[in-house]
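Here the structure comes first, spelled out in structure tokens, and everything after it is commentary.
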Amino acid sequence: MLRFENLKLDYEPYPIGVARPVLDEQDYADMVASFPAFEQLEGRDHIGKQYLLSESVRGPLYRQIVAATPVWQRFYDYIKSEAFLVELLGSLRAQGVDLELSPRAVSSWKRVKLAARTLFSRRPPKHVPTLSSRFVFGAMPTDGGNIRPHTDHAAKVITLVLPMVGPEGWDDSVGGGTSVVWPKDKKRIYNQRNVSFDFDGFETLRTYPFGANQALVFIKTFNSWHAVWPMTGSDPNAVRKTVVINVEAY
């Protein structure tokens with residue numbers, strides 16, 4: 001369902017860029033129209049002011065909404081498929097970002113054989129990571145919603161952020177774009193552990209605007225600092241809505 005042929009990457013300080021358009025126009029319109037109500041998402045403030053609905057946050061409601069909405073069920077099946085991973089990894093590889101990962105999950109039987117080889121061999125087998133992918137419904141109120149500077153947890157490999165913008169468009173004056181940020185204290189550049197910090201210790205290198213039918217794609221690295229600065233809207237009912245796709249390796 002996603003198209004990556006128009007992905008354009010920047011490479012410093014880590015690979016990040018935008019694919020646009022990323023979805024069929026009708027699919028995108030259907031996703032925007034059927035996005036869950038704000039009240040159905042759960043507030044989380046561990047790295048900012050945001051609300052989520054996912055497989056792990058209100059999971060039963062998430063699965064109910066996906067199963068009841070054809071476009072979301074089709075999207076869910078696609079994101080969980082090997083085809084999605086093949087397309088995404090191939091697109092990145094074509095632009096010089098080879099993560100040396102295979103989209104194929106490791107079967108239980110293969111894990112048994114790997115474990116046995118570890119027990120009975122002097123040479124430990126090479127670890128074959130299992131890739132998994134999932135998507136999360138996210139929302140932030142425009143009157144102060146934010147995500148503090150962080151680099152993402154260690155298991156994450158690739159993140160895609162898809163803005164859900166209705167026909168009315170998006171008011172850029174309130175903010176909402178995703179910023180590549182950089183610590184003023186150089187001792188914080190290395191952040192493999194994904195510690196988050198307040199905004200006053202960072203400067204913005206580049207901001208990718210919040211736009212319709214696009215995907216912001218970036219790679220998790222030890223210095224993949226990013227944030228959404230506190231939005232400045234005054235309408236308490238205005239919400240920044242996103243679908244965030246996470247690709248993880250274990």
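The values are calculated or read from the model by the stated rules, or taken from the named source; none is laboratory data. From a predicted model like this one, the values you see are computed outputs, not experimental measurements. So basically every Cβ, Gly included, is an ideal-geometry build from the backbone, and we count neighbours across all protein chains shown.
Odds and ends about this structure:
- Annotation note: Cβ proximity below 7 Å between a residue of segment 63-77 that is at negative phi and a residue that is surrounded by fewer than 18 Cβ atoms within 10 Å (Cβ to Cβ) and hydroxyl-bearing (Ser, Thr, Tyr) (sequence gap 6+ or interchain) occurs for Thr69/Ser34; Val71/Ser34; Trp72/Ser34.
- Restricted to segment 143-250, the set of strands (runs of 3 or more DSSP E) holding at least 3 residues that are within 30 Å of Asp24 (Cα to Cα) comprises 156-163, 178-183, 202-208, 215-219, 226-228, 239-249.
- For Lys8: the one exception among (1) touching a strand residue (DSSP E or B) at 6+ places or on another chain (Cβ under 6 Å); (2) surrounded by fewer than 17 Cβ atoms within 10 Å (Cβ to Cβ); (3) more than 14 Å from Ala215 (Cα to Cα): (3)
- Contact map, segment 191-210: first residue within 19 Å of Lys156 (Cα to Cα), second residue modelled with pLDDT under 95 and among the β-branched types (Val, Ile, Thr), Cβ cut-off under 7 Å, separation 6 or more or different chains; pairs are Ser196/Ile47.
- Pairs where the first residue, in segment 158-186, is without any contact (Cβ under 8 Å) to a residue 40 or more places away in the chain and the second is in a helix (DSSP H, G or I) and surrounded by fewer than 19 Cβ atoms within 10 Å (Cβ to Cβ), C-beta under 6 Å, 6+ apart: Lys184/Gly201
- Helices (runs of 4 or more DSSP H) completely within segment 1-114 that count 2 or more residues being under 26 Å from Gly233 (Cβ atoms) and of a type outside the set (Lys, Arg): 25-33
- The set of residues in segment 61-106 that are in contact with a Ser or Thr (Cβ under 8 Å, 6 or more places away or on another chain), surrounded by fewer than 18 Cβ atoms within 10 Å (Cβ to Cβ) and under 23 Å from Val32 (Cβ atoms) contains only Lys80.
- When Thr178 is tested against the conditions (1) under 30 Å from Glu5 (Cα atoms); (2) polar (S, T, N, Q); (3) over 19 Å from the mean Cα position of the chain (by Cα), the lone failure is (3).
- Qualifying residues in segment 209-250 (those that are surrounded by fewer than 19 Cβ atoms within 10 Å (Cβ to Cβ), more than 26 Å from Lys186 (Cα to Cα) and polar (S, T, N, Q)) - the one modelled with the lowest pLDDT: Asn237
- Unique match (being surrounded by fewer than 20 Cβ atoms within 10 Å (Cβ to Cβ), under 23 Å from Leu7 (Cα atoms) and of a type in the set (Lys, Arg)) among Arg206, Arg188: Arg206
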